[in-house]
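> Just passing along the structure, written as structure tokens.
The values are calculated or read from the model by the stated rules, or taken from the named source; none is laboratory data. What you see is a predicted model, and the numbers here were worked out from it, not measured in a lab. Note that we place each Cβ from the backbone using ideal geometry, even for glycine, and neighbour counts take in every protein chain shown.
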Amino acid sequence: MLGLKEVNMANNKYGIFFSYLKLLKSNSDTTSNPIESNNGINITINPENTNYQGNQRVRLFYGNSVSANSVKVSINKKNQKEVPLESTNNLSSVDIENNGIIRNVDYKFGSSPNPVDIYGISIESPIGIYADNIPLRGSSGYGFTQNNSELLKQFLNTLNVKLIIMQFGVNGVPENDNTIIPDYSYYEKAFYKQLITLKKIKNDLSIIVIGVSDRSRKKGEGYETNPNIYNIRKAQRNAAFKAGCAYWDLFEAMGGENSMPSWVFANPALANKDFTHFNDKGARLVAEMFYNSLILEYHKYIDKRRKIILSNNLIQ
């Protein structure tokens, strides 16, 4: 969705990851994104990345196909199985159960003049909570309304999505540190449109907006908060509350005004020397801070609910 328009086909069905992949029709076809490995996809999972030891299933999500096709699937390099791919404009999937954990998945697609759009592959276990990261590099958080709403609805329902955590903002700051935008009402309106669109697609969906972080600009021998950050922060908060979403103030949580240098110059460093982005250690710390805030508020909610139930029982 965020790619170059000249290589994107006339299609707004990008799926839940806001991208799709299409098989080459032939070696001379350059209108689609090519898949290597002889018309197939192979995924190998590092065994160190999971402690789970139960059964799993793998799901291939596809759609936007005008002709039937087929795919041969093998799991852990054995038991190849041929599965038909239906002709459909809607979201569809090939689901295969596996007795044990999945270390390797290999797909080989049959030839077709109209290959399907591939939206993603999910390796799942029957229990637990799934957390998927959807990176939209360079985005200010505008693009959700560009996706096909019906397809996105099908995805949100199929995957049983209950919570979306949105984190954007620093890309709304102009590249030139001396450029100050006094009015970010345009950003507030655009961001609100994204949030309310998602909530309308699935009315039981909860959204938490993580506000913009501090971003510094050079001032003399030191650094100061880029003035645009304050207006972006206000616009995001207003849009979140107007759309009925929760808001977590990352700017305040990390220390507020002029706090980014303390993250950059920490030992070990927690942010990069662009004074904009957290490094891996900083990102993990922010994640812990957010989690602790969320769980703290959750326990407050539980305690309040327990007191209300107890009070009602006493009255009766």
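> With HIS277, HIS299 as the choices, which residue is in contact (Cβ under 8 Å) with a residue 40 or more places away in the chain and of a type outside the set (S, T, N, Q)?
Details: HIS299 fails: in contact (Cβ under 8 Å) with a residue 40 or more places away in the chain.
Answer to the check: HIS277.
> Among the residues of region 219-247, write down those that are assigned to a strand (DSSP E or B) and buried (at least 20 other Cβ atoms within 10 Å of the Cβ). If you could, list the steps in order and put the result at the bottom.
If we filter region 219-247 for residues that are assigned to a strand (DSSP E or B), which is where we start, we get 219, 222-225, 246-247.
THR225 - this is the single residue of region 219-247 that is assigned to a strand (DSSP E or B) and buried (at least 20 other Cβ atoms within 10 Å of the Cβ).
> Can GLY255 be described as in a loop (DSSP other than H, G, I, E, B), touching a Ser or Thr at 6+ places or on another chain (Cβ under 8 Å) and modelled with pLDDT of 95 or more? Let's see the steps before the verdict.
Working: in a loop (DSSP other than H, G, I, E, B): yes; touching a Ser or Thr at 6+ places or on another chain (Cβ under 8 Å): yes; modelled with pLDDT of 95 or more: yes.
Here the answer is yes, as GLY255 does meet what is asked.
> For region 132-182, which positions are among the acidic types (Asp, Glu) and either modelled with pLDDT of 95 or more or closer than 18 Å to THR197 by Cα (or both)?
Start the filter on region 132-182 by keeping residues that are among the acidic types (Asp, Glu), which leaves 132, 150, 175, 177.
GLU150, the sole residue that qualifies.
> Does LYS193 fit the bill of being assigned to a helix (DSSP H, G or I), among the basic types (Lys, Arg) and under 18 Å from the mean Cα position of the chain (by Cα)?
Details: assigned to a helix (DSSP H, G or I): yes; among the basic types (Lys, Arg): yes; under 18 Å from the mean Cα position of the chain (by Cα): yes.
Yes, satisfied.
> Quick test of your reading of the structure: SER262 fulfils all but one of (1) over 24 Å from the mean Cα position of the chain (by Cα); (2) over 27 Å from VAL173 (Cβ atoms); (3) of a type in the set (Ser, Thr, Tyr). Name the failing condition by number.
Of (1) over 24 Å from the mean Cα position of the chain (by Cα); (2) over 27 Å from VAL173 (Cβ atoms); (3) of a type in the set (Ser, Thr, Tyr), only one is false for SER262: (2).
> Another question about this same structure. Name the pairs: first residue in region 96-109 and modelled with pLDDT of 90 or more, second residue surrounded by 17 or more Cβ atoms within 10 Å (Cβ to Cβ) and not in a strand (DSSP E or B), Cβ to Cβ under 9 Å, at least 6 apart or on different chains?
Filtered contacts from region 96-109: no entries.
> Here's a follow-up. Give me the residue from region 205-226 that is over 19 Å from GLY169 (Cα atoms) and hydroxyl-bearing (Ser, Thr, Tyr) and, out of that set, nearest to the chain's Cα centre (by Cα). Before you say what the answer is, go through the steps one by one.
So the first thing to find is which residues in region 205-226 are over 19 Å from GLY169 (Cα atoms), and the list is 205-206, 218-223.
The next check asks that each one be hydroxyl-bearing (Ser, Thr, Tyr); those that pass are 206, 223.
On the way: SER206: 14, TYR223: 31 Å.
Among them, the one singled out is SER206.
> May I pose another question? Test GLU288 against the criterion of being in the same structural domain as ILE207 (by TED's automatic domain parsing), among the acidic types (Asp, Glu), at pLDDT 95 or above and in a helix (DSSP H, G or I), and give yes or no.
So GLU288 passes the test.
> Can I ask one more? State which residue pairs qualify: first residue more than 15 Å from ASP280 (Cα to Cα) and in the same structural domain as ALA235 (by TED's automatic domain parsing) and inside region 248-270, second residue among the charged types (D, E, K, R) and assigned to a helix (DSSP H, G or I) in any location, beta carbons under 7 Å apart, and separation of 6 or more residues or different chains.
So the pair list comes out as PHE251/ARG233.
> Which count do you get for residues in region 163-190 that are among the charged types (D, E, K, R) and part of a loop (DSSP other than H, G, I, E, B)? Break it down into steps so the answer makes sense when it comes.
Here is the first cut: in region 163-190, the ones among the charged types (D, E, K, R) are 175, 177, 183, 188-189.
Checking which are part of a loop (DSSP other than H, G, I, E, B) leaves us with 175, 177, 183.
The number of residues fulfilling the criteria is 3.
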